[in-house]
Amino acid sequence: MNSKLKHLFIGLIASLFFSQPLQAQQVHSLTLEQSIDMAIKNVQDLKNLKLDIALQQTKNKEIEGSAYPQVTANITMQRLFAIPVTVIPDFISPAVYGVLTNEGVRDGNGNPIQMPEKFGNVPAQFGVPWTASAGFTLQQLLFQADVFIGLKARKTAMEYAEANYKVGEDKVRENVMNAYYAVLIAQKQLNFLTESESRLLKLVQDMTQMYKNGFAEKLDIDKAQVGLNNLMNAKAQLSSMLDGGYANFKFQLGIPQTDSVILISELSTQDVKNGILDEANFQYAQRNEIQALEKVRKLLEMDVQRYKLNKLPTLAAFWNFSENAQRQQFDFFKRGAQYPWFQTSIVGLQVNMPIFSGFSKNQKIKEASYNLQKHQNTIKNVEQSIDLQKTVARKTLVNNLKIMDASEKNMQLAQNVYNTTKKKYEQGLGSSFEVLTADTDLQNAQSNYFTALYNALIAKVNYMKALGKLSEKSSN
């Protein structure tokens, strides 16, 4: 390989290596709805809530498995190094004496043999050194309170996991909407400040030229420069805040900070007013929090029922089959009539009847009932909190819409005043001080308008949240 090709090859490898991190960066052009959809896919908290749904599905199958037949197998093999000894009455000696008596046998003195009154006990070993058994047991649970209630609660438990996920979705929507509006409005405000900067820069340049021609004072230039410097400082501060807003927005979307985002939704005061919801037909069940709490209430009711049913007996059927072998030697794998295995087969019904548990079952029923009452109180408290949220959110939205309308009109008036003042100045009918004052008033009016617009948007988000309508498609 010649030197030129070698350097070309090394350069190609280096470009491929260093281009990998750049390829990982992405640019996202997003509307508000696209941002919400992206966040729902990426946010880790929602992924965990989705796993909770999968976990509940697994738990339900586990409960179902308890109701299916249970089969267990066992194999046992043992070696007795010392066969157990059992002490038993001496039943052999009486039989021997009985035979001797019946036969008339006499002792050495010629007297008939007399049977002793007591013969005592003799030690005896029962069993063989080697034993083995193999078998299985099939059991079918017919009734048990825990399993019965667990099967009944499967659907409700799954609905609770899904409702809890929707609560998480609402929180993600709220966070994304707030972050999106903050960035969008800050970007628009920055654009207006850039326009103002261009205006003031042009004014400074014009005054400088007029000063050179003897038609303006140095003081006029200094005043304009002070205004320009203040504007540049405000722009730098807003730009820094905007960078933080973008960083927060990316975090809410669940995307890397190295990615870039472009917000393509447009905003106007009319957009804020669109889709204002009517709460005349509002029901608490429209809030996902209430739906989740209602599912918990059903589960707690089932918990009370479970403890009550625990007083009933449990019922199960079973079948046990086994084969056993006893050997003097380890020859269990040999076949033939001289190596028998003995079968045992048992079919039965098992009933466990609770009789007395020290009143603990009654106390558990009371505990479950108290927990249910506490939860019902919690639901009432949340409903009252929702009423408060609706009232405050509606009033705040109405007030902020009024302020937004007034701020928009004031901004338009300030723009007209600036345009007229600028023309008068250019025609020599006005002073530079009037132009600077009009420009400052216009900047303040624009700032107030964007603040009012943002407050109105956040108030609308809070109102939608209070009515449980965050999942409705935004018109923006």
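Every number in this text was worked out from the coordinates using simple rules, so none of it is lab data. Keep in mind the model is a prediction, meaning the values are calculated, not measured. Here Cβ is always computed from backbone atoms with ideal geometry, including for glycine, and neighbour counts include all displayed protein chains.
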Checking rank on 342-352, 398-408, 132-142, with mean other Cβ inside 10 Å and highest first, the result is 398-408, 132-142, 342-352
Stretch residue 194-residue 342 to full length: gain in nm at 0.36 nm per residue minus the Cα-Cα span?
43.5 nm
Fraction in percent of alpha-carbon pairs per bin - 10 Å, region 321-399:
12, 15, 11, 11, 11, 12, 10, 8, 6, 3, 0
When you take every Cα atom in region 138-229, what is the radius of gyration, and what is Dmax, the widest Cα pair distance, in Å?
34.4, 111
Projected onto the charge dipole of the chain (+1 at Lys/Arg Cβ, -1 at Asp/Glu Cβ, origin at the Cα centre), which of 251, 420, 351 gives the Cα projection farthest towards the positive end?
351
For residue 445, what charge total do you get from the other residues with a beta carbon under 10 Å from its beta carbon, if Lys and Arg give +1 and Asp and Glu give -1?
-1
If one compares the long axis through the Cα atoms of helix 92-103 with the longest principal axis of the Cα atoms of the chain, the angle in degrees, nearest 10, works out at 20
May I ask you to compute the full-extension gain from residue 373 to residue 140, defined as 0.36 nm times their residue separation minus their alpha-carbon distance, rounded to one decimal in nm?
80.2 nm
Step through the table entries 202/273; 295/469; 50/469; 61/308; 188/273; 235/422, compare each Cα-Cα distance with 26 Å, and write down the pairs that go over it.
202/273
Using Cα atoms only, what is the angle between the long axis of helix 432-466 and the major principal axis of the chain, expressed in degrees (0 to 90) to the nearest 10?
20
Asserting the computed 222 nm helical MRE of the chain (DSSP H runs at least 4 long, -39500 (n - 2.57) per run, divided by residue count, to nearest 500) equals -23000 deg cm²/dmol
If Lys and Arg each add +1 and Asp and Glu each add -1, what is the summed charge of the other residues whose beta carbon sits under 15 Å from the beta carbon of residue 398?
+3
To the nearest 20 debye, what is the magnitude of the charge dipole of the chain about its Cα centre, counting +1 on the Cβ of each Lys and Arg and -1 on the Cβ of each Asp and Glu?
300
I'd like the FRET efficiency for residue 158 and residue 74, computed as 1/(1 + (r/R0)^6) with the beta carbon distance as r and R0 of 30 Å, rounded to 0.05.
0.25
Compute log10 of I(q)/I(0) for the chain with the Debye formula, placing one identical point scatterer on every Cα and leaving out solvent, at q = 0.10, 0.11, 0.14 Å⁻¹, to two decimals.
-1.01, -1.09, -1.32
Under 14 Å from residue 223, Cα to Cα: aspartates and glutamates that are on another chain or at least 8 residues apart:
206, 434, 439
Rounded to 10°, Cα long-axis angle of helix 145-212 versus longest principal axis of the chain:
20
Quick query: amide H of residue 216 versus all other amide H atoms, modeled in the peptide plane; which residues come in under 5 Å with a sequence gap of 5 or more or a different chain?
211
Charge dipole of region 96-224 about the Cα centre (unit charges at C-beta), most positive-ward option of 163, 126, 109
163
